[in-house]
1. Quick one: in region 198-236, of everything that is in a loop (DSSP other than H, G, I, E, B) and of a type in the set (Ser, Thr, Tyr), which residue is surrounded by the most Cβ atoms within 10 Å (Cβ to Cβ)?
2. Out of SER201, SER213, which single residue is modelled with pLDDT of 95 or more and farther than 23 Å from VAL311 by Cβ?
3. If you check every pair at least six apart or on different chains, which have Cβ atoms under 9 Å apart with a residue in region 129-147 that is of a type in the set (Ser, Thr, Tyr) first and a residue that is modelled with pLDDT under 95 second?
4. For region 235-265, how many residues are of a type outside the set (D, E, K, R) and either over 16 Å from GLY275 (Cβ atoms) or modelled with pLDDT of 95 or more (or both)?
5. Among (1) open to solvent by less than 70 Å² (accessible area, probe 1.4 Å); (2) at pLDDT below 95; (3) not assigned by the TED database to the domain that holds CYS252, which single condition is VAL333 missing?
6. Could you say whether any residue in region 53-67 is of a type outside the set (A, V, I, L, M, F, W, C), in contact with a Leu (Cβ under 8 Å, 6 or more places away or on another chain) and at pLDDT 95 or above?
7. From the list VAL174, VAL138, VAL185, pick out the single residue that is open to solvent by less than 10 Å² (accessible area, probe 1.4 Å), under 28 Å from SER242 (Cβ atoms) and out of contact with any His (no Cβ under 6 Å at 6 or more places or on another chain).
8. Can you pull out every residue in region 351-374 that is among the hydrophobic types (A, V, I, L, M, F, W, C) and either outside the structural domain of TRP134 (by the TED database) or part of a loop (DSSP other than H, G, I, E, B) (or both)?
Amino acid sequence: MAKEGAQRAEETEQMIEKEGGKEAAEGSPAGSLRAGDTKEMRAVVLSGFGGLNKLRVSKKAMPEPQEGELKIRVKACGLNFIDLMVRQGNIDNPPKTPLVPGFECSGIVEALGDSVKGFEIGDRVMAFVNYNAWAEVVCTPVEFVYKIPDDMSFSEAAAFPMNFVTAYMMLFEVANLREGMSVLVHSAGGGVGQAVAQLCSTIPNVTVFGTASSFKHEAIKDSVTHLFDRNADYVQEVKRISTDGVDIVLDCLCGENTGKGLSLLKPLGTYILYGSSNMVTGETKSFFSFAKSWWQVEKVNPIKLYEENKVIAGFSLLNLLFKQNRGGLIKGVMDKLLNLYNNKKIKPMVDSLWALEEVKEAMQRIHDRGNIGKLILDVEKAPTPLVS
C-alpha cells in the first residue's frame, strides 16, 4: 500500500508539472499569457434559466484561492438531478445568471490559500462547491474538502459526496435506522437510491422496498429486497408484503407520492422529502406542471400526525452546507462514510462518463431517468465523435 501511495504521489507531481508545462508551452501570440494576465480555463456556463440550449462551454478567468480556500485542478464533476432544477430556475431564490453549475467535484490540490492546514499541493481530493464545480479549476473553503482514498478513482470520488452524505444523513441522522427496520426508496436505480441500498445493507435485517423504471430492474435487483416498477401501484404491493407498512419513506418525487408515502408509514415511522423530480416534466420550467404537482401534495394535518404517531421531515444537503453552516457535521459523516468505503462496505456506482462539451446529452439522460448510478463529467475526456 505504501509503494502504491508513493507511485500515486509521483504520478500526481507529474500531472501538475505537465499542466504547468503545457501552459508555458502555449507561446503563440494568441495563446500566451503574459505576467499579470488573467489565466483562463474551460467551464460549463448557464447563460440563462431554461432549456438545454442555455448551456455552453466557455472560457472564464481562472479563480485563485482566498484565505481558507483550496484551489483544485478538477478531474471529474458530479451531475445531479438538482442541476436540472437549477438550469430551469426551478429552485428557491436562484442565483443570477450567467453562472457555472455544479456542486461536487474531485481533483488535485494546486494551491493553498492563507491559513489552510491539513492539505498539501498534489493531494487527491473531493469537494463540495457552492456552484462553479463544472470547470477545469475551482476554489472552495477547506471545510468542504476531503482526501480521496488511494484506491478510489477520480470519477468514483466525484460520485461520492452528494449521494452518500444525503443517504447517510436521512437514514441515520433523521430517521434513526436500526436493525430490523424497513425502508421505501424511490428512484432506486439512481445515485442516491443505490447509496441508500448499500448503507441499508450495513445494518442487519433491514428490508428495502424500491421503485425504479422496469429496464433498470435486472441491473439493481440484488441491491434491494423488493423492487417495483415506478409506474405500478407500489402502495398495494408494499402492503401485500408488509401489511402494517414501512418504517422509513425516502421521497425524491413529491406530488401525489407524498400522500402515498405517509399512508405507508408505520406508527413512529418517518417520511423524508429530499427532492421534487415530479416537477421537472419538460426541458424548460412548466408552471402548469409545477402547480399540478404541488396541488397533488396531500395537505399535512398536525393533529393527524399526532394521532397516528408519524414523523414528516425534509432534507436538503446543500442548504445544510451552504446556508446553515453545518460543515463540521458533514465532515463527521464523511469520516464515517470513508471508513465504510475503506472496509469495502460501500462503493459509488458510476453510470457513465461525459466530456464537458457533452453536458447537454448527459443532462438529458438524467431527465429521461436513463441512468443507473451517477453521471460524471470527465474534464479531460474528449467529446465522442458523431457517427454520420
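1. Taking region 198-236 as the starting set, the residues that turn out to be in a loop (DSSP other than H, G, I, E, B) are 201-206, 213, 221-225, 230-233.
If we keep only those that are of a type in the set (Ser, Thr, Tyr) as well, we get 201-202, 213, 223, 225.
On the way: SER201: 15, THR202: 14, SER213: 16, SER223: 19, THR225: 15.
Here the answer is SER223.
2. Just a single option satisfies the conditions, and that option is SER201.
3. Between residues of region 129-147 that are of a type in the set (Ser, Thr, Tyr) and residues that are modelled with pLDDT under 95, the close pairs are TYR131/VAL86; TYR131/PRO95.
4. 16
5. Single failed check for VAL333: (2).
6. Of the residues in region 53-67, the ones of a type outside the set (A, V, I, L, M, F, W, C) are 53-54, 56, 58-60, 63-67.
Those left that are additionally in contact with a Leu (Cβ under 8 Å, 6 or more places away or on another chain): 54, 65.
Still in the running and at pLDDT 95 or above: 54, 65.
Yes, that holds for at least one residue.
7. Values: VAL174 fails: open to solvent by less than 10 Å² (accessible area, probe 1.4 Å); VAL138 fails: under 28 Å from SER242 (Cβ atoms).
Step by step, each of VAL174, VAL138, VAL185 is checked, and only VAL185 is open to solvent by less than 10 Å² (accessible area, probe 1.4 Å), under 28 Å from SER242 (Cβ atoms) and out of contact with any His (no Cβ under 6 Å at 6 or more places or on another chain).
8. ALA355, ILE372 - these are the residues of region 351-374 that are among the hydrophobic types (A, V, I, L, M, F, W, C) and either outside the structural domain of TRP134 (by the TED database) or part of a loop (DSSP other than H, G, I, E, B) (or both).
The values are calculated or read from the model by the stated rules, or taken from the named source; none is laboratory data. Being a predicted model, the structure only gives us computed values, none of them experimental. We place every Cβ from the backbone using ideal geometry, glycine too, and count neighbours over all the protein chains shown. To get the accessible areas, we keep the full protein, side chains included, count just its heavy atoms, and leave off ligands, DNA and RNA. Shrake-Rupley method; radii C 1.70, N 1.55, O 1.52, S 1.80 Å.
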